[in-house]
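Chemist: Have a look at the structure that comes next, please.
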Amino acid sequence: MSAELPGDDRPRTLVVHHRSGIGDLIWHVPYLRAIAATSRGGRVTLMARPSCRAPDLLAGEPAIDEVIEYDYRPRRSESRRGRDDGLRGFLRMAAILRSRRFDRVYVFSSRIRYALLAWLAGIPRRSGFGFSRAQRFGLNAGPYIQRHRGEGNWVYPEATDFARAHGFVDRPLLPRIEVPPALLEEASGRLASLPVPRVALVIGTSEPRKDWGAANFTRLAQALLDRGVGVLVIGGPAEAEAADRILAGLRDPDRAIAICRASVLQSGAALKCCDLCIGNDTGALNLAAAVGVRCLGLFGTTRALRHDPQIEAIEAPAMRAIDPEEVLRRVDAMQPVAASEAGIPSA
């Protein structure tokens, strides 16, 4: 934790982020900043799950004093037990929070366990979503909010409503993240050989049902290359094999590059060097929007994202129902790239 300035009597603040995805955390960043502005030293401590990659994503964020990772119930795909699962893990985390001597906590969730953790840690003021009377157990500081009933994904609207209800903001704030100049310079050099405009294809996904598939991305990539566009295939380490398959399926792979790094911010730097991003409903798509890149999201099994004008959506009943030709038509409408009339090559 950073040293506190003498005479700063603002409250020491813990913010709890419940969701497991990188994109979910990105949506909360403007509200973390708003809460930090009213907190001791202008910073907050964030408790988040390891899959959010908060220490990496927020490494350069001045509003964050410390990240405490709450390793509770990892995703099934991780095939492991969380360090903080069970009663022992619960008590361990409560002891960690107690040692920080927080004055207040804002829980971006309706889950009771976070309120109980905060109560056991001795945090005097405890605020959370509190959708129902039962979900307010352990909380003691309203106002509370209602569930999102509108269209699109509910996570960002509920985070917005919570921040507004407590007076931290008076309107929705779009998630935007600054890329460190050194990382941007490195990414720019690595992508210098790609022609412009450049299109990033986000192939990563937290769940198989959200994956458009390597075959579809290969067909789209080849069509873009046929139009003289540079192609960046981007994912995490888990997507390295799929990225290799996509490049191997291209007739001229020299005008395409694959980047599958562990660092979220390094991926953000590479995305910022592109003119358009197309991809699955996953963290990197939201990261691209957050660094200022126009995005075309593919939504076949999840609700389309409607909170950010940087993201346009293609919706279908299933991912396999999204036609590469339709994606290419939407690309043409968003970003004129055509130098020829090449279509999607045959599978």
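A short reminder: the numbers here are calculations on the coordinates, not readings from a lab. Note that this is a predicted model, so its numbers are computed, not measured. Because the Cβ atoms are built from the backbone with ideal geometry, glycine has one as well, and the counts that use them run over all protein chains shown.
Chemist: Would you calculate the volume per residue, in Å³, of the smallest convex hull containing every Cα atom of the chain?
Modeler: Numbers: hull volume 46.7 nm³, N = 347.
So the per-residue hull volume is 135 Å³.
Chemist: What FRET efficiency do you get for Asp252 and Glu326 if R0 is 25 Å and r is their Cβ-Cβ distance, rounded to the nearest 0.05? Please list the in-between numbers first.
Modeler: Details: r = 24 Å, r/R0 = 0.95.
Efficiency, from the Cβ-Cβ distance: 0.55.
Chemist: Testing the spin-label approximation: label points 7 Å from Cα along Cα→Cβ at Phe131 and Arg303. State their distance in nm.
Modeler: 1.0
Chemist: Further, regarding this structure: Quickly rank 24-35, 209-220 as a protection proxy: mean count of other C-beta atoms within 10 Å, highest first.
Modeler: Numbers: 24-35: 23.8, 209-220: 20.2.
Highest-to-lowest ranking by the protection proxy: 24-35, 209-220.
Chemist: For the chain, what is the calculated [θ] at 222 nm in deg cm²/dmol (nearest 500), taking -39500 (n - 2.57) for each run of four or more DSSP H residues and dividing by its residue count?
Modeler: On the way: 11 runs with 114 residues, N = 347.
That calculation yields -10000 deg cm²/dmol at 222 nm.
Chemist: Dipole magnitude of the chain about its Cα centre, charges +1 at Lys/Arg Cβ and -1 at Asp/Glu Cβ only, in debye to the nearest 20? All intermediate terms of the calculation are to be shown ahead of the outcome.
Modeler: Values: 48 positive and 39 negative charges, 347 e Å.
In debye, rounded to 20, the chain gives about 1660.
Chemist: Give the angle, between 0 and 90 degrees and rounded to the nearest 10, that separates the Cα long axis of helix 181-190 from the longest principal axis of the Cα atoms of the chain.
Modeler: Orientation of helix 181-190: about 20 degrees from the principal axis.
Chemist: Compute the helix-to-body angle for 86-100: its Cα long axis versus the longest principal axis of the chain, expressed 0 to 90° and rounded to tens.
Modeler: 70
Chemist: Taking only Cα atoms, what is the 0 to 90° angle, nearest 10, from helix 22-36's long axis to the longest principal axis of the chain?
Modeler: Once rounded, one gets 40 degrees.
Chemist: Additional query: Around Leu276, which amide H atoms from residues at least 5 apart in sequence, or from another chain, sit under 5 Å from its own amide H, with H modelled in the peptide plane?
Modeler: Arg198, Ala200
Chemist: So how far apart, in nm, are the two label points at Arg100 and Arg113 if each is 7 Å from Cα heading toward Cβ?
Modeler: Those two pseudo-labels are separated by 1.7 nm.
Chemist: Order these peptides, 241-251, 277-287, by their mean beta-carbon neighbour count within 10 angstrom, highest first.
Modeler: On the way: 241-251: 16.7, 277-287: 27.8.
Ranked from most to least packed, the peptides come out as 277-287, 241-251.
Chemist: Using a 10 Å cut-off on Cβ atoms, rank the peptides 163-176, 108-121 from the highest mean neighbour count down. Present the calculation step by step, with values, prior to reporting the outcome.
Modeler: Working: 163-176: 15.9, 108-121: 20.9.
Per-residue mean Cβ counts within 10 Å order the peptides as 108-121, 163-176.
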